[in-house]
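Here is the structure we will look at.
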Amino acid sequence: MAPARTRAPARTRPPARMRRGAALEWIGVHALAVAAALFFVLPFVFVLLTAVMNDNQALTRDLWPDTWEWGNFRTVWETPGFLTWWRNTLLYAGLGTVLAVGSSIPVAYALAKFRFRGRNIMMMAVIAMMMLPPQVVIVPMYLFWAKQLDLSGTLWPLIVPMAFGNPFTIFLLRQFLLTIPKEYTEAARIDGCGEFRAMLRIVLPMAKPALAAVALFHFFYCWNDYFGPQIYASENPGAWTLSYGLESFKGAHQTDWNLTMAATVLIMAPVIVVFFFAQRAFIEGVTLTGVKG
Amino acid sequence: MTTMHPGLRARRRRSLLRTAGFLSPWLIGFSVFFAYPLLATVYFSFMKYDGFTAPTWNGLENWSYVFRDYPFFWPALGNTLWLVAVMVTLRVAFGLGIGLLITKIKTGPGLFRTFFYLPYLAPPVAATMSFVFLLNPGTGPANTVLDFFGLPQPGWFKDADWSKPALTLLALWGIGDLMVIFMAALLDVPKDQYEAAELDGAGAFARFRWVTLPNIAPIVLFAVITGVIETMQYYTQPLVAGKVASGVIGGSGQQFEPGYPDESTLTVPQIVYNLGFQRFDTGSACVVSLVLFALAMAFTALLMRRGSGFLSAED
């Protein structure tokens, strides 16, 4: 979008002094923007460059690879366990997201659309639960899964709780549902539509952007989760996820920064690819967290 | 008490049942994954329990152990408070700065926005490992670049004085979410207020101070308080940084005394893990859990009280 185009042609040209001021501002802003962009982008660049260095060069101060060892990615891919971590991560993130969003929808709907006593207290409890560090309740939770149900070393303790509503998802969805006028559900009710069907058929299609945003958030929450897998899955490498496995990968390849960085690239890549397909959902979701209810 | 028409009462009951039905996933989730474990945490904090033999009453022993004898409690609390003070302040200031910058960019704003946003999406473990590598004092790219410009080269994650600043740098790199929130808030500031201020002869700084800041104050407060709560939970990055920088093999097996170097990256959530899952001192882990709970709830209460606009329970 060229600034000159948007200006109305009929208007007189601004005085030269003002134009010079605008040009200086343009230069200043864009110089700052380039400097900031370097800060945000250079880490990615250095990680990528190191990922394709050979073993010896990765131990030196060189920044540019002599030879481009694309085979590093293959080596990482073929590391025993790597594919299992992928499968586990997809299982945890995929199943977890479906369950969490699915079980949060009716809760968010009720908190946004029904009037009942104790609704505000319940909403405050959702917020309190959202703010609670997982470490606060981890000891009894672990004892419950490991001693009572004997399920440590599996992904079940990570996935099953997702089926009972996720406070962050409930909160965001409810904030969004509040913005949908109640005339829609009232009209549905007059037409003899049950409440559940009104939610499913009338309200949810309108909430698609919010649903996409919370689904993405939840997927990446699971994808990135380190604490959960560390608590429940650490004793069984067959149940490790990418985030947990990656850290131990560095342990197994003590000095191989090139392979470690190649592995890092491989777990960052899907996130970035998804971002390019779903940019709007991400940005809208983040905005939703900061806007007024 | 008024007598209710039987049909009305039946309708009331039906609507109550319907509400309960819609809420049931969360009602179960709240009881099983929040209320019950919270009560159990209180119970275990007074018990001597190693996770294997039956728990026995221990009175205030665990509490006095954590506060008086456990060597990591005060360093961890100190680090968490350091991070809350420094990291949150810098993140809000930098996020606001980047948010302002992005609203001023005329050429290629979409591209710049993508650049600024992407690091926020990097998985924390991957981002932390990258930064331990980038800030590796001997051969890391960051110090190589600093050396090129003749600047001093800190020890970053290997130096107790620099490890928290290194974590802060990592947090500033992932500022993308705050940038978007501030950007949305800045674009909502009414344009005519700027024009009026300009007519009154207000310069750029005065306009920021008297127009921008009052308009976005609720969002700044929101960013501060959610930042504090997030920092209270800060776990993965300092743990992975400490482990990777110290060269301890990950996974199960090897004991890791957390906080490398010199307890400088130890945070409160980490000592829950250390006590409960490495030392098998369930009772003391629960004491730390409750300290964390008190801190988090204090800030949540503040958030709900002051932040009535953006995080309200009402509609």
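The values are calculated or read from the model by the stated rules, or taken from the named source; none is laboratory data. Keep in mind that this is a model prediction, so the values were computed, not measured. Heads up, the Cβs are rebuilt from the backbone with ideal geometry, glycines too, and the neighbour counts pull from every protein chain shown. Only protein heavy atoms, including side chains, enter the accessible area calculation; ligands, DNA and RNA are left aside. Shrake-Rupley method; radii C 1.70, N 1.55, O 1.52, S 1.80 Å.
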Across the stretch A:157-171, in residue order, what do the Karplus-derived ³J(HN,Hα) couplings come to in whole Hz, using 6.51 cos²θ - 1.76 cosθ + 1.60 with θ = phi - 60° and x for Gly and Pro?
x, 8, 8, 4, x, 5, 6, 10, x, 10, x, 5, 5, 4, 4
Give me the accessible area per residue for the stretch B:185-299, probe 1.4 Å, as a whole number in Å².
40 Å²
Prolate/oblate/rounded label for chain A (Cα gyration tensor, a/c 1.5)
oblate
Please get the size of the charge dipole for the stretch A:185-243, origin at its Cα centre, with Cβ charges of +1 on Lys and Arg and -1 on Asp and Glu, quoted in debye to the nearest 20.
220 debye
State log₁₀ I(q)/I(0) for the stretch A:74-219 at q = 0.15, 0.19, 0.21 Å⁻¹ as given by the Debye formula over alpha-carbon point scatterers of equal weight, solvent excluded.
-0.88, -1.17, -1.30
In percent, what relative contact order does the stretch B:1-97 have, based on Cα pairs under 8 Å that are 6 or more apart in sequence?
11 percent
Hey, can you find the accessible area per residue of the stretch B:1-155 for me, probe 1.4 Å, expressed in square angstrom?
52 Å²
With a cut-off of 17 Å, note down the residues of the stretch A:97-125 whose backbone N falls inside the zone around a label point 7 Å from the Cα of residue A:278 toward its beta carbon.
A:97-105
Computed FRET efficiency, Cβ-Cβ of residue A:91 and residue A:124, R0 35 Å: what is it to the nearest 0.05?
0.55
May I ask for the equivalent-ellipsoid semi-axes of the protein assembly as shown, computed as the square root of five times each C-alpha gyration tensor eigenvalue and listed largest first in whole Å?
39, 37, 23
Taking the Cα centroid of the stretch B:1-74 and of the stretch A:80-110, what is the distance between the two, rounded to the nearest whole Å?
25 Å
Output wanted: per-residue J couplings in Hz (rounded whole) for the stretch A:69-75, from phi through Karplus 6.51 cos²θ - 1.76 cosθ + 1.60, θ = phi - 60°, x for Gly and Pro.
8, 5, x, 4, 5, 5, 4
Can you pick out the pairs among A:147/B:243; A:250/B:164; B:164/B:243 whose Cα atoms lie more than 19 Å from each other?
A:147/B:243; A:250/B:164
Send over a whole-number figure in Å² for the accessible area per residue of the stretch A:41-198, probe 1.4 Å.
45 Å²
Note on chain B: contact order normalised by length, alpha-carbon pairs under 8 Å, 6 or more apart, percent, works out to 26 percent
Among the complete DSSP H segments of chain B, which ones combine at least 24 Å of alpha-carbon extent along their axis with a mean Kyte-Doolittle hydropathy of 0.0 or more?
B:73-104, B:213-232, B:282-306
Once you list every other residue whose beta carbon is under 10 Å from the beta carbon of residue B:22, what net charge do they have if Lys and Arg are +1 and Asp and Glu are -1?
+1
What accessible area, in Å² to the nearest ten, does a 1.4 Å probe give for residue A:184?
110 Å²
For the stretch B:184-246 versus the stretch A:216-284, the gap between their alpha-carbon centres in whole angstrom
29 Å
If Lys and Arg each add +1 and Asp and Glu each add -1, what is the summed charge of the other residues whose beta carbon sits under 10 Å from the beta carbon of residue A:72?
-2
GNM flexibility winner over chain A from A:115, A:87, A:280 (Cα, springs under 10 Å):
A:115
Looking at this model, which pairs from A:182/A:208; A:208/B:191; A:113/A:208 are more than 24 angstrom apart at the alpha-carbon?
A:208/B:191
Show me, for the stretch A:109-115, the HN-Hα J-couplings you get by feeding each phi into the Karplus relation (A = 6.51, B = -1.76, C = 1.60, θ = phi - 60°), rounded to Hz, glycine and proline as x.
4, 5, 5, 8, 10, 8, 9
Residues other than residue B:152 with Cβ under 14 Å of its Cβ, Lys/Arg counted +1 and Asp/Glu -1, net out at -3
Ignoring any ligand, DNA or RNA, what whole percent of the accessible area of chain A comes from carbon and sulfur when the probe is 1.4 angstrom?
65 percent
Cut-off 10 angstrom, C-alpha nodes, Gaussian network model of chain B. Which of B:108, B:155, B:174 fluctuates the most?
B:108
Name the long-range amide H neighbours of residue B:48: under 5 Å, sequence gap of 5 or more, or other chain; modelled H, no Pro or chain starts.
B:56, B:57, B:58
Among B:263, B:61, B:195, determine the one that fluctuates most according to a GNM of chain B built with springs between C-alpha atoms less than 10 Å apart.
B:195
Where A meets B: accessible area buried, both sides, 1.4 Å probe, Å²
9100 Å²
Chain A, relative contact order [Cα under 8 Å, separation at least 6], %
29 percent
Probe radius 1.4 Å, ligands and nucleic acids ignored: give me the carbon and sulfur share of the accessible area of chain B as a rounded percent.
64 percent
Using only helices, what value at 222 nm comes out for chain A when you add -39,500 (n - 2.57) per DSSP H run of length 4 or more and divide by the total residues, to the nearest 500 deg cm²/dmol?
-21000 deg cm²/dmol
State the Kirkwood hydrodynamic radius of the stretch B:1-67 in Å, one decimal place, computed from all pairs of distinct Cα atoms.
15.9 Å
